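Asks: Sharing a structure below in structure tokens format, with a few things to ask.
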Amino acid sequence: MNEVLPTACDINARTVALTTAFEATEEWRYRTAVANPHPAGRYGAASTEQFRIPITDDNPNLFRIGEHERLRDGATWDSATRTYLGGAETPASRTMRRIAALIAARFTQSPGVDIVCNRVTLPSGQAAHGMRLLRGNAAHSAAAAMVARVAARGGDTSRIVTDGQLVYSASSPEADRRAIFRSAMILLAQDHTSPIAALTAWLEAAYLLYQAPRTKRGSDATTRTFLIAAGTHLLGRPPVLLHDVDLRAYVQPQDQFTAELREAQTRGKHMLSRETSR
């Protein structure tokens with residue numbers, strides 16, 4: 001990226017260079033999955049093609065958010081109740097409980113609905129539909145679709161819960177995702193007149209990219225890697241990414257997400273200053 005962007009003569013060339021870099025990151029994630037398959041499950045050898053299969057309107061991305069009990073250390077599956085029982089709290093389970101609270105707050109603001117969609121404001125001022133949160137019947141339908149998909153691949157569906165209080169995230173329509181992704185590339189490709197402007201562009205691009213996943217698997221790792229590279233180029237130093245940045249982007253409004261990520265940059269800068277002064 002640092003080799004190509006300085007030679008790009010205009011914003012169109014820089015946009016192409018950034019898009020090419022993102023595509024190369026997607027290819028890296030796919031090849032990493034192929035070279036390091038898990039024995040079974042979502043990251044097993046049979047699922048590696050998912051890392052390059054595109055998300056479409058006919059094949060949207062669905063992901064269950066919640067189920068923090070599964071992330072507890074030593075938790076066991078109870079087939080009678082179809083829940084995970086026991087175990088000790090972990091950073092992952094605490095994170096998921098906090099994300100569940102954020103989701104509850106989003107739905108409290110929209111009582112009586114089963115689908116909440118992130119409203120994305122593009123740099124042009126136009127609005128687009130970002131990631132959606134599903135509960136109730138919409139979440140139950142998503143869970144049933146997941147069972148059908150996993151079964152079609154020969155996977156184990158015994159622990160996919162299809163009833164109860166479920167919450168799923170779902171990708172937005174393809175036209176919106178394409179517009180959001182292109183806007184992120186253009187935003188990063190612009191000439192930024194100050195470090196503050198560059199940081200603001202990077203923060204907004206981070207939210208946009210998480211609203212526009214492109215492949216069935218690996219989008220989070222791809223986006224994290226790309227954001228670090230693009231941020232380092234724009235800011236002159238590696239930016240800070242929160243450990244749950246993907247989940248925050250799925251469940252938070254745009255302004256809230258960018259404000260929290262901006263604050264993380266400030267904290268990271270202060271910590272670096274203390275370390276270098278020792």
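Asks: Leaving ligands, DNA and RNA out of it, report the carbon-plus-sulfur percent of the accessible area of the chain at a 1.4 Å probe. Mind showing how you got there, number by number?
Replies: Working: 7780 of 14370 Å².
Using a 1.4 Å probe with all protein chains present, the chain comes out at 54 percent carbon and sulfur.
Asks: Determine the calculated [θ] at 222 nm for the chain from helices alone, applying -39500 (n - 2.57) to every DSSP H run no shorter than 4 residues and normalising by the residue count; nearest 500 deg cm²/dmol.
Replies: Values: 8 runs with 139 residues, N = 278.
One gets -17000 deg cm²/dmol as the mean residue ellipticity at 222 nm.
Asks: What residue among T95, A127, I180 has its Cα farthest toward the positive end of the dipole of the chain, where the charges are +1 on Lys, Arg and -1 on Asp, Glu, each on the Cβ?
Replies: In the chain, that residue is T95.
Asks: May I pose another question? Work out from phi, with θ = phi - 60° and the Karplus expression 6.51 cos²θ - 1.76 cosθ + 1.60, the ³J(HN,Hα) of each residue of the range 48-62, listed in order in whole Hz, and give x for Gly and Pro.
Replies: So the Karplus estimates, Gly and Pro as x, are 5, 5, 4, 6, 9, 6, x, 6, 9, 5, 7, 9, x, 8, 10 Hz.
Asks: Here is a further query. I'd like to know which of H192, L166, T223 lies farthest towards the positive end of the charge dipole of the range 158-260, counting +1 on Cβ of Lys and Arg and -1 on Cβ of Asp and Glu.
Replies: Sorting the options by dipole projection puts first T223.
Asks: Relative contact order for the chain: what is it in percent, counting Cα pairs under 8 Å that are at least 6 residues apart? Spell out each step's value before the answer.
Replies: Values: 382 pairs, mean separation 60.3, N = 278.
22 percent.
Asks: Quick one: which residues, 5+ away or cross-chain, put their amide H under 5 Å from the amide H of T83? H built at 1.01 Å from N.
Replies: Those lying under 5 Å, H to H, from T83 are D78.
Asks: Sum up the charges of everything whose Cβ sits under 9 Å from the Cβ of A143, counting Lys and Arg as +1 and Asp and Glu as -1, but leave A143 out.
Replies: On the way: positive: R64; negative: D163.
Net charge in that neighbourhood comes out at 0.
Asks: Another question, if that's okay. Which FRET efficiency, nearest 0.05, do N137 and T266 yield, Cβ-Cβ r, R0 51 Å?
Replies: Details: r = 42 Å, r/R0 = 0.82.
That pair, N137 with T266, gives E of 0.75.
Asks: To the nearest 0.05, how large is the calculated FRET efficiency for E174 and D255 if R₀ is 35 Å and r is the Cβ-Cβ distance? Could you put the intermediate results ahead of the total?
Replies: Values: r = 25 Å, r/R0 = 0.73.
Here the calculated transfer efficiency is 0.85.
Asks: Here's a follow-up. Using alpha-carbon pairs under 8 Å, 6+ residues apart, how would you state the relative contact order of the range 44-188 in percent? Walk me through the intermediate numbers first.
Replies: Values: 183 pairs, mean separation 37.7, N = 145.
Computed value for the range 44-188: 26 percent relative contact order.
Asks: If you plug each phi of the range 81-95 into the Karplus form 6.51 cos²θ - 1.76 cosθ + 1.60 with θ = phi - 60°, what whole-Hz ³J(HN,Hα) values come out, in order, with x for Gly and Pro?
Replies: Ordered by residue, 3J(HN,Hα) equals 8, 6, 9, 8, 10, x, x, 9, 4, 10, x, 5, 5, 5, 4 Hz.
Asks: How much accessible area per residue does the chain have, counting only protein heavy atoms and a probe of 1.4 Å, in square angstrom? Write down the numbers at each step before the final one.
Replies: On the way: 14370 Å² over 278 residues.
Heavy-atom accessible area per residue stands at 52 Å².
Asks: Quick check: from the Cα gyration tensor, does the chain come out rounded (a/c under 1.5), prolate or oblate? All intermediate terms of the calculation are to be shown ahead of the outcome.
Replies: Numbers: a/c = 1.62, a/b = 1.52, b/c = 1.06.
In terms of gyration-tensor shape, prolate.
Asks: Now for a separate question. Enumerate the amide H contacts of I160 below 5 Å, restricted to partners 5 or more residues apart or on another chain; note that Pro and chain-start residues carry no placed amide H.
Replies: Counting only residues 5 or more places away or on other chains, the set is empty.
Asks: Okay, next question. Let me spell out the model: positive unit charges on the Cβ of Lys and Arg, negative unit charges on the Cβ of Asp and Glu, origin at the Cα centre of the range 135-193. What dipole size does that give, in debye rounded to 20?
Replies: Details: 7 positive and 5 negative charges, 24 e Å.
For the range 135-193, the charge dipole is close to 120 debye.
Asks: Under the classification rounded if a/c is under 1.5, otherwise prolate if a/b is larger than b/c and oblate if not, where does the range 119-216 fall, given a ≥ b ≥ c as square roots of the Cα gyration tensor eigenvalues? Can you show the working numbers first?
Replies: Values: a/c = 3.09, a/b = 2.62, b/c = 1.18.
Prolate is the answer for the range 119-216, as a/c is 1.5 or above and a/b outweighs b/c.
The values are calculated or read from the model by the stated rules, or taken from the named source; none is laboratory data. Just so it is clear, the structure is predicted and the values come from calculations on it, not from any experiment. When we count neighbours, we look across all protein chains shown, and the Cβ atoms used for this are built from the backbone with ideal geometry, even at glycine. Protein only, heavy atoms only, side chains kept; ligands, DNA and RNA dropped before computing areas. Shrake-Rupley method; radii C 1.70, N 1.55, O 1.52, S 1.80 Å.
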